[in-house]
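**Q** Pasting a structure here, questions to come.
The values are calculated or read from the model by the stated rules, or taken from the named source; none is laboratory data. A quick note: this is a predicted structure, and the numbers were derived from the prediction, not measured. Glycine gets a Cβ as well: all are built from the backbone with ideal geometry, and neighbour counts include every protein chain shown.
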Ligand SMILES: [Zn+2]
């Protein structure tokens, strides 16, 4: 799977060999963690993208909504569960500080983004660089800094560095949504709705932008591969 691939919820679960229910999944399989994000207008958390698409600032998660906690948005995001174990916030926080303070390699985190009901985009492999707590509306929330770093793990897939460079930049969620609507969730060349990918019309390596919908289109796997063959 490449960054920018569009997959169904079930395909995402199959890829991770897990029934993904929560947004933060520390060491889901071996030492790889998985984060689900959503930057849609009604998304519950204030995630953001910085540094021309290489850095993701991901917000930690609230306490579960229960009769004891009817309003999670006014409660500090928890480091510990009532049992005293670290929450997912705590696990990611501790791992990030271990890396930021020492020489440990960053934790590897695969990031998926919700595009639409049941439709997700693989955003790539990230390194967990840092974490902190900050005030937001009079409560404390966690923030996690992740850097897109496909090269950390998938060198074997990066046959052509120039093609690979397109995968070194996150396409901002608003651009993805605009492209998805404009192209009606179909390959612009054949109308297929299977194995779609967000494609840079002019490659990033050739000066094309990730930041404008005019330079991004939906292609099916067949046409995506056909285009790369032409470029190479
Ligand atoms: Zn096609």
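**Q** Out of all the residues in the stretch 92-100, is one or more at pLDDT 95 or above, under 16 Å from the mean Cα position of the chain (by Cα), crowded, with 16+ Cβ neighbours inside 10 Å and outside any strand (DSSP E or B)?
**A** yes
**Q** If you don't mind, there's one more thing I want to ask. Conditions first: (1) at pLDDT 90 or above; (2) farther than 23 Å from residue 215 by Cα; (3) touching a helix residue (DSSP H, G or I) at 6+ places or on another chain (Cβ under 8 Å). Residue 11 passes all but one, so which condition is the exception?
**A** (3)
**Q** List the pairs whose first member sits in the stretch 164-192 and is more than 14 Å from residue 123 (Cα to Cα) and modelled with pLDDT of 95 or more, whose second member is away from the ligand (no atom under 13 Å from the Cβ) and part of a helix (DSSP H, G or I), and whose Cβ atoms are under 6 Å apart, counting only residues at least 6 apart or on separate chains?
**A** 179/213
**Q** What's the total number of residues in the stretch 42-72 that are free of Cβ contacts under 8 Å to residues at least 40 places away in the same chain, surrounded by fewer than 15 Cβ atoms within 10 Å (Cβ to Cβ) and under 12 Å from residue 141 (Cβ atoms)?
**A** Total satisfying the criteria: 1.
**Q** Return the only residue of 211, 189, 177 being within 9 Å of the ligand (Cβ to nearest atom) and at negative phi.
**A** On the way: 211 fails: within 9 Å of the ligand (Cβ to nearest atom); 177 fails: within 9 Å of the ligand (Cβ to nearest atom).
Unique residue meeting the criteria: 189.
**Q** Limited to the stretch 194-203, what total is found for residues that are within 16 Å of the ligand (Cβ to nearest atom) and without any contact (Cβ under 8 Å) to a residue 24 or more places away in the chain?
**A** Adding up the residues that qualify gives 1.
**Q** Next up: Taking into account only those residues within the stretch 214-224 that are more than 10 Å from the ligand (Cβ to nearest atom) and part of a helix (DSSP H, G or I), which is surrounded by the fewest Cβ atoms within 10 Å (Cβ to Cβ)?
**A** 214
**Q** Quick check on my filter: what residues within the stretch 54-89 are in a helix (DSSP H, G or I) and within 29 Å of residue 4 (Cα to Cα)?
**A** The answer is 88, 89.
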